[in-house]
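A short write-up of the structure that comes next.
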Amino acid sequence: MLSFPDGFIWGVATAGHQIEGSNVFSDWYKWEHQGKVKNGDTSDIACGSWENLDRDLEAVKALGVKAYRFSVEWARIEPKINRFDDSVLERYRDFSKALTENRIQPILTLNHFVLPQWFSEMGGWENKENLRYFRRFVSRIVESMGEFIHYWVTVNEPNVYAVMGYLTGEWPPEVKDMGRAMKVLANLLYVHSEAYDVIRESNPTAMIGVAVNMMPFFPLRKFHPGDRLVANYLDRVYNYSYLDSLMKGSIVKPLGEGEAVPEIESKLDFLGINYYTRIFAKYSKPLPEIAAGNEFEKTEMGYEFFPQGIEEVVLKAYKRYRLPIMITENGIADKSDARRWEYIEKALSGLRNAMDKGARVFGYLYWSLMDNFEWKEGYSMKFGLYETVQESLELRPRESVAKFRDFIRDSLK
Ligand code: BGC
């Protein structure tokens with residue numbers, strides 16, 4: 001039996017757009033309605049959470065967890081530029097309050113990929129001038145629900161956002177341009193830093209971090225110098241360039257030219273790591289290739305089943321930054337639930353190893369509470385501890401619910 005320290009934060013995670021439904025003023029909503037998502041799916045219904053927050057709360061409570069990570073949707077709060085919807089803010093506030101009354105820590109993500117359509121039309125994160133709107137949005141959140149939030153995740157996976165939206169162009173706004181991708185990633189440093197300042201001003205003890213997606217990169221041919229070079233390069237750019245910049249207070253290459261920006265420095269109270277799998281890299285011209293490993297079988301997402309990689313990722317990040325770490329996401333798409341618990345246990349045992357070797361880890365959040373709208377994959381990917389029954393919107397516990405609950409209970413004894 002694995003044991004975890006007293007006070008370790010067990011929890012589950014979701015994101016607004018993926019669960020709420022009818023986020024009609026958002027860039028994703030518009031994009032989905034152009035038929036861009038697998039099977040023509042749209043987030044119109046998602047999990048219907050906007051109308052069923054009590055149901056979600058009950059599902060979280062039944063797990064016996066101490067924390068719930070969710071995100072607020074800016075497009076709901078400010079559907080048109082300068083027009084704020086107070087009833088929306090109130091609802092998020094009530095939900096945060098209800099969580100705390102039930103002794104569940106709300107962990108709040110301010111931006112989880114999705115933007116208001118008006119903001120994206122103004123150039124989104126590509127245009128640094130736009131940051132003032134984000135700053136104002138964050139002030140509204142802090143004013144209305146800040147008193148209930150101790151843990152803040154300013155930006156979810158800036159690296160994934162830049163890659164999917166601006167490099168491979170698989171997500172809105174479908175740009176395929178390395179230079180623009182790096183610019184967006186660099187601007188997301190200021191997004192974090194601005195949010196940090198706004199939160200800090202009103203709450204001197206809040207814990208403020210970002211959640212970065214991390215993967216170990218392996219050379220495809222173990223001893224091939226080119227493959228090793230590419231693996232190291234991708235490791236540095238994908239896993240660390242964003243965080244290095246924040247820690248050093250300079251925009252490191254290839255996000256920038258190493259220029260000093262002291263105003264962004266040392267604004268991380270903890271590091272959120274989202275871990276799913278590992279990647280193999282191959283030297284080739286004109287561009288390097290990457291692929292999922294095939295030593296172990298693939299999960300439904302096409303990722304290699306490799307939960308143990310969390311150990312390496314956590315240890316390396318801890319050695320590099322010495323920041324307390326929370327696993328803000330970890331999970332598997334597994335419709336039949338046949339391998340979910342094995343995946344979680346292996347990840348937890350890797351995490352335990354990293355902690356035994358000195359990494360300071362203070363929480364683990366499973367992704368996700370329930371099956372939800374998995375971006376370009378629509379409803380085809382089932383990450384949930386609970387199955388979301390599409391017709392009735394009932395949350396039906398999979399077997400992993402009891403396993404996770406019992407594990408947490410025993411670990412807290
Ligand atoms: C994202 C989630 C997503 C999950 C599973 C993470 O990259 O933060 O929104 O659902 O991975 O693919």
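Every read-out reported here was derived from the displayed coordinates using simple, explicitly stated rules and does not represent laboratory data. These numbers were taken from a predicted model, which means no experiment stands behind them. Every residue, glycine among them, receives a Cβ derived from its backbone with ideal geometry; neighbour counts consider all protein chains shown.
For the reader, a short list of remarks on this structure follows.
- Under the convention that each Lys and Arg Cβ holds +1 and each Asp and Glu Cβ holds -1, the size of the dipole of region 111-193 around its Cα centre is about 240 debye.
- Other residues within the sphere of radius under 13 Å centred on the Cβ of E20, judged by their own Cβ, net out at -1 (K and R +1, D and E -1).
- When the chain is treated as a GNM with alpha-carbon contacts under 10 Å, the residue of L255, L63, L220 showing the greatest mean-square fluctuation is L220.
- Of the residues D227, D356, D334, the one that moves most in a GNM of the chain with alpha-carbon contacts below 10 Å is D356.
- Each other residue within a Cβ distance under 14 Å of P307 adds +1 if Lys or Arg and -1 if Asp or Glu, for a net charge of -3.
- For region 1-100, the tally of Lys pairs with Cα-Cα distances below 27 Å comes to 6, considering only residues 8 or more apart or on different chains.
- Principal axis extents of the C-alpha atoms in the chain (largest first, rounded to whole Å): 57, 52, 46.
- GNM on the chain, alpha-carbon springs under 10 angstrom: the most fluctuating residue among D337, D54, D27 is D54.
- Counted over the chain, the DSSP beta bridges are approximately 20% antiparallel.
- Summed over all non-identical Cα pairs, the Kirkwood treatment of region 170-318 gives a radius of 17.0 Å.
- Environment charge of E329, counting only residues whose C-beta is closer than 13 Å and scoring Lys/Arg +1, Asp/Glu -1: -1
- Volume of the Cα convex hull of region 251-370, divided per residue and given in Å³: 148
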